[in-house]
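K.L.:
The structure is given below, and queries will be raised subsequently.
The values are calculated or read from the model by the stated rules, or taken from the named source; none is laboratory data. Keep in mind it's a predicted model, so treat the numbers as computed, not measured. Cβ atoms come from the backbone with ideal geometry, glycine included; neighbour counts cover every protein chain shown. Just the protein is used for accessible areas: all its heavy atoms, side chains included, with ligands, DNA and RNA removed. Shrake-Rupley method; radii C 1.70, N 1.55, O 1.52, S 1.80 Å.
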Amino acid sequence: MDFWRTEDQEALQDGIRSFCEGRFPIESLQLIESSGGRLDRTAWKDLAGMGVFSLRHDGFSITDSVLVFEELGRALIPGPLTATYLAATHLTSALSGADTGEMIVGLCEIAEPVTMIEHLVDLDRLLILGPNTISLVDPKSVPTQVVSRPLDPLTPVHVALATNGGEIIASGDLVRKWRREGAVITAAMQVGASFAAIDLAVEYAKGREQFGRPIGAFQAVKHMAADMLVKAEVARAATYAAAVNLDGNGDDNLDRSVSIAKMLAGDAALFCGKTGIQIHGGMGFTWEVNAQRYWKRAVVLDTHYGNSEMHADALADSM
Amino acid sequence: MDLRYTDQEQAFRADLRAWLAATLPSVAPEPHRNDWRARRAWDTGWQRMLFDAGYAGINWPKEYGGRGATPTEHLIFLEETERMRAPYVGMNFVGLLHAGPTLVVEASPEQKSHHLPGILKGEHVWCQGFSEPNAGSDLASLQCRAIRDGDDYVITGQKIWTSFAHIADYCEMLVRTDTEVPKHRGITWLILPMNLKGMDIRPLRTMEGSTEFCEVFFDEVRVPVANRVGDENDGWRVAMVTLSFERGTAFVSEMLQSMELVRDLADLAKKVTRHQSTAWEDTGLRRDIAHLSGELDALWSLTKRNISQAQRTGFVGVGGNVFKLAYSDLRQQLGDLSLRLLDRASLSLDDIDEWPTGKHVHGRIHALSIGIAAGTSQVQRNIVAERTLGLPKDR
Ligand SMILES: Cc1cc2nc3c(=O)[nH]c(=O)nc-3n(C[C@H](O)[C@H](O)[C@H](O)COP(=O)(O)OP(=O)(O)OC[C@H]3O[C@@H](n4cnc5c(N)ncnc54)[C@H](O)[C@@H]3O)c2cc1C
């Protein structure tokens, strides 16, 4: 047993991190927001150029992918990253171009009380995830209603008024596999966003002074930061474990380990998001400061591939 | 101890109900959250109606134009107006609950006669200019400088988080008048008209994208010495009088709204499908909603205790801090729960078709500010631990 990154994995993750810092600096998010959250196709192709969507065809594992997506989550890169990655991985010929960044593939899950489609206007293809099938539709053909004020301005949304039709392109085992991998890749992004929220809050707590000392010197603030780290590290362990199991390098029950990852990563991201805001005081409640962006993204990602409570229900059902 | 209302209190409630029933139909619908002009008109228009009916300044002394009601009657007033969905105190908050009561206790007769009627009639909106970029939790370290020059103070510096500064007529403001003495002893409380030369008011965006608070910059702004309330350098004491009004009844309307949010959430759960049945059949969710609902009732009881204590002694003790701490946590939990129930519907800040989701999402975001504004939860816990429990200070 050696449940630690290899040197290659470390290099892969570090490489993606510096790429993200250079190509998607966190300061550029406000610009994307003012454009209504539109995706930049050149940037999307640069992501593909880094091999983000074609990882699995290039010999990388799910575990490697989790390390990569952790960094994409840390950088809050907007767009249907998971869907395009899974399309490039599993629907390679039907959706060729997903791997090279030529085709942006979105996915929406049929949900209660409403079905929401993210980034609709930028999608080339839309996948509709039902209980046991995935259908392919032309995004322009779906009757929708735009949401004028999305919770996360980096994630524009439309309400789907109907989700029938389309061509079924996956069912059975592939859908089960897709859900598992989607949940784990999303969990990786939640873990990344959690750590980014921690870094931002810790940096702020070191610099911000009240009562003649850095607020990080107050135990109340230290404890909030430490609690964030505990949640994020536990979620990270669960997420890596799920990925390793999916790669066939572990013996844990697959559904169970995936649900644990998605449940804990969802909780961690929401917790780190709101606690990061609290550490920033009034600043945390402003648009300018990124603390709130981590929380908003945490809300969005929690709704992907089953929220934390749905995975808790699934775990309970399996016990 | 007795939770029943006296005959006099019941009569007060009955009169108020009758008046509300007769009056509310003529009140225009609430304007959009970010339409500041319309909101000002709506809030102050309602205040004028209260004034004409003798309900303005419900808890203010009669001699200053208030109704002189007891704290219990004040509670009844807040309860009835909220239950009957009357307009909320809104922008009149600082005037009616902070600045006005401070003026009642601390201001000169001229200042009182000049300012109190304007607040009661809804003619003047006030804001609170206490916090600064470097003085939040450590308010007493504030640096916005006022230098005496003849009959004026000349103010240079900055305030931040001043809610409604861009719409207000006056500001209750704290300035630094002495830099040589310990920080609490060099602060002065001023009445600041918001239209003076040298002021620059810049709205700040909240995380929701609205502009309810501002930064205010001062470049040699001249304020007459006659606008000072209390003595020079005695402003910290005057401000503490203000802050003591912040923990009595300030959250009652909010809390009643939270009770309604919880009831709405239960209704919503009965309509949302989960696992081939409704979310309401989900024991975990039911239990969480029940906890919140029960705790809110308990906070209502705590409020009655606090108000009773204030009625007897004039002050709210630790119960005020306990309330704010418990309430801040509860709202975070309620917010988290509502987003999980809404699931994908929580990605919109507005209602979606017939789903009344907007208020839950807005309420979730608002909850993030409750443990920060008016004294953060960390500072509140320090106060409880040090002042009430007598634990040693760490600084
Ligand atoms: C929605 C909203 C409306 C507001 N409206 C107004 C207004 O109208 N007028 C006005 O004057 N102000 C207003 N404020 C400002 C508010 O009073 C301050 O934000 C608050 O006092 C905290 O100060 P700060 O933002 O500087 O945070 P800081 O004091 O910098 O706090 C940052 C973090 O450090 C922690 N911390 C600080 N000191 C300690 C300590 N000693 N021990 C442990 N932890 C500590 C805090 O708990 C927080 O987590 C408003 C704020 C908000 C969010």
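K.L.:
Starting from a Cα-only point model with no solvent, please compute log10 I(q)/I(0) by Debye for chain A at q = 0.06, 0.10, 0.12, 0.16 1/Å.
P.N.:
Results for chain A at q = 0.06, 0.10, 0.12, 0.16 Å⁻¹ read -0.19, -0.55, -0.79, -1.43.
K.L.:
Would you mind telling me the share, in percent, of accessible area of segment B:246-388 contributed by carbon and sulfur at probe 1.4 angstrom?
P.N.:
Ligands and nucleic acids excluded, carbon and sulfur reach 50 percent.
K.L.:
May I ask you to list the chymotrypsin sites (Phe, Trp or Tyr not before Pro) in segment B:303-383 that are in a DSSP loop and have at most 16 other Cβ atoms within 10 Å of their Cβ?
P.N.:
Hits after loop and neighbour filter: B:Phe315.
K.L.:
Taking each residue of A:151-162 in turn, how many C-beta atoms of other protein chains fall within 10 Å of its C-beta, and what is the average?
P.N.:
For this peptide, the per-residue mean of nearby foreign Cβ atoms is 3.
K.L.:
Helix B:36-52: angle to the longest alpha-carbon principal axis of chain B, degrees 0 to 90, nearest 10?
P.N.:
90
K.L.:
At a 1.4 Å probe, which residues in segment A:84-113 are at least 30 Å² less accessible with all protein chains present than in their chain isolated?
P.N.:
Correct list: A:Glu112, A:Pro113.
K.L.:
Still on this structure: Would you mind getting the accessible area per residue of segment A:139-206, heavy atoms of the protein chains only, 1.4 Å probe, in Å²? Write out the running numbers ahead of the final one.
P.N.:
Working: 2730 Å² over 68 residues.
On a per-residue basis, segment A:139-206 sits at 40 Å².
K.L.:
Now, a different point. How large is ³J(HN,Hα), in whole Hz, for each residue of segment A:221-229 in order, when computed from phi with the Karplus curve 6.51 cos²θ - 1.76 cosθ + 1.60 and θ = phi - 60°, using x for Gly and Pro?
P.N.:
3J(HN,Hα) across segment A:221-229, in whole Hz: 6, 3, 5, 4, 5, 5, 4, 4, 4.
K.L.:
Hey, another quick one. Quick one: if the Förster radius is 41 Å, what FRET efficiency do B:Asp149 and B:Thr211 give, using the C-beta to C-beta distance and rounding to 0.05?
P.N.:
0.75
K.L.:
Let me ask something else about it. Can you pull out the buried accessible area for chains A and B, both sides counted, probe 1.4 Å, rounded to the nearest 100 Å²? Working shown, then result.
P.N.:
Values: alone 14920 and 19930 Å², together 30230 Å².
It comes to approximately 4600 Å² buried between A and B.
K.L.:
Please work out the Cα center distance from segment B:214-233 to segment B:75-113, rounded to the nearest Å.
P.N.:
23
K.L.:
Also: Taking a quarter of the surface of the Cα convex hull of chain B, what do you get in nm²?
P.N.:
Computed as one quarter of the Cα hull surface, the answer is 21.5 nm².
K.L.:
Additional query: Pick from B:Ala11, B:Ala250, B:Ala266: which residue has the top mean-square fluctuation in a GNM of chain B where Cα pairs under 10 Å get a spring?
P.N.:
Between B:Ala11, B:Ala250, B:Ala266, it is B:Ala11 that shows the largest mean-square fluctuation.
K.L.:
Whole Å is fine, so just give me how far the alpha carbon centre of segment B:117-152 lies from that of segment B:11-41.
P.N.:
30
K.L.:
Moving to a separate point now. What percentages make up the Cα-Cα pair-distance distribution of segment A:1-99 when the bins are 5 Å wide from 0?
P.N.:
2, 12, 23, 24, 18, 12, 6, 2, 1, 0
K.L.:
Can you work out D for segment A:180-317 in µm² s⁻¹ from Stokes-Einstein, where Rh is the Kirkwood radius over C-alpha pairs, the temperature is 37 °C and the viscosity is 0.692 mPa s?
P.N.:
Answer from the Stokes-Einstein relation: 215 µm²/s.
K.L.:
Next question. Suppose a student asked you for the relative contact order of segment B:171-309, using Cα pairs under 8 Å spaced at least 6 residues apart; what percent would you report?
P.N.:
Once divided by the residue count of segment B:171-309, the mean separation gives 19 percent.
K.L.:
Would you please calculate the Kirkwood hydrodynamic radius of the protein assembly as shown over all C-alpha pairs and express it in Å, rounded to one decimal?
P.N.:
Numbers: mean 1/r = 0.0362 Å⁻¹.
Result for the protein assembly as shown stands at 27.6 Å.
K.L.:
Tell me, which longest segment in chain B has none of the GluC sites (Glu not before Pro) that fall in DSSP loops with at most 13 further Cβ atoms within 10 Å? Provide the component values of the computation, followed by the final result.
P.N.:
On the way: sites that count: B:Glu180, B:Glu354.
Formally, the longest exposed-site-free interval is B:1-179.
K.L.:
Same structure again: Kindly write out, for segment A:231-247 in residue order, the coupling ³J(HN,Hα) from the Karplus curve 6.51 cos²θ - 1.76 cosθ + 1.60 (θ = phi - 60°), rounded to whole Hz, with x marking Gly and Pro.
P.N.:
So the Karplus estimates, Gly and Pro as x, are 4, 5, 5, 5, 5, 5, 4, 5, 5, 4, 4, 4, 5, 4, 4, 5, 6 Hz.
K.L.:
Just flag the GluC sites (Glu not before Pro) in segment A:188-288 sitting in loop per DSSP whose Cβ has no more than 14 other Cβ atoms within 10 Å.
P.N.:
A:Glu288
K.L.:
With θ set to phi - 60°, apply the Karplus curve 6.51 cos²θ - 1.76 cosθ + 1.60 along segment A:32-40 and write out the HN-Hα couplings as whole Hz, x wherever there is a Gly or Pro.
P.N.:
Going residue by residue, I get 4, 4, 6, 8, x, x, 5, 7, 9 Hz, with x marking Gly and Pro.
K.L.:
Right, here's the next one. If you find the alpha carbon centre of segment B:174-208 and of segment B:261-285, how far apart are they in angstrom?
P.N.:
First find each Cα centre; the distance between them is then 48 Å.
K.L.:
Still on this structure, I have one more. Give the lysines whose C-alpha is closer than 28 Å to that of B:Lys121, dropping any in the same chain fewer than 8 places away, or say none.
P.N.:
Straight-distance partners of B:Lys121: B:Lys62, B:Lys112, B:Lys159, B:Lys197.
K.L.:
For a Förster distance of 45 Å, can you work out the FRET efficiency between the beta-carbons of A:His223 and A:Glu102, rounded to the nearest 0.05?
P.N.:
0.40
K.L.:
Which of A:Gly73, A:Gly36, A:Gly182 moves most in a GNM of chain A, Cα contacts under 10 Å?
P.N.:
Sorting by GNM fluctuation, first place goes to A:Gly36.
K.L.:
Could you please report the charge total around A:Glu112, scoring K, R as +1 and D, E as -1 over all other residues with beta-carbon less than 11 angstrom from its beta-carbon?
P.N.:
Surrounding charge for A:Glu112 is +1.
K.L.:
Along each of the three principal axes of the Cα atoms of segment B:246-388, give the extent in whole Å, ordering the values from largest to smallest.
P.N.:
Dimensions of segment B:246-388 along the principal axes of its Cα atoms: 55, 24, 23 Å.
K.L.:
How much FRET efficiency would the formula 1/(1 + (r/R0)^6) give for A:Ser171 and A:Asn253, where r is the Cβ-Cβ distance and R0 is 22 Å, rounded to 0.05?
P.N.:
On the way: r = 23 Å, r/R0 = 1.04.
With R0 = 22 Å, the Cβ-Cβ based efficiency is 0.45.
K.L.:
At a 1.4 Å probe radius, carbon and sulfur cover how many percent of the accessible area of segment B:72-140?
P.N.:
52
K.L.:
Among all stretches of chain A without exposed chymotrypsin sites (Phe, Trp or Tyr not before Pro) (DSSP loop, at most 11 other Cβ atoms within 10 Å), which one is longest? Could you put the intermediate results ahead of the total?
P.N.:
Numbers: sites that count: A:Phe3, A:Trp4.
Formally, the longest exposed-site-free interval is A:5-319.
K.L.:
For the modelled label position 7 Å from the Cα of B:Asn233 along Cα-to-Cβ, which residues of segment B:113-149 have backbone nitrogen atoms closer than 12 Å?
P.N.:
Zone members listed by number: none at all.
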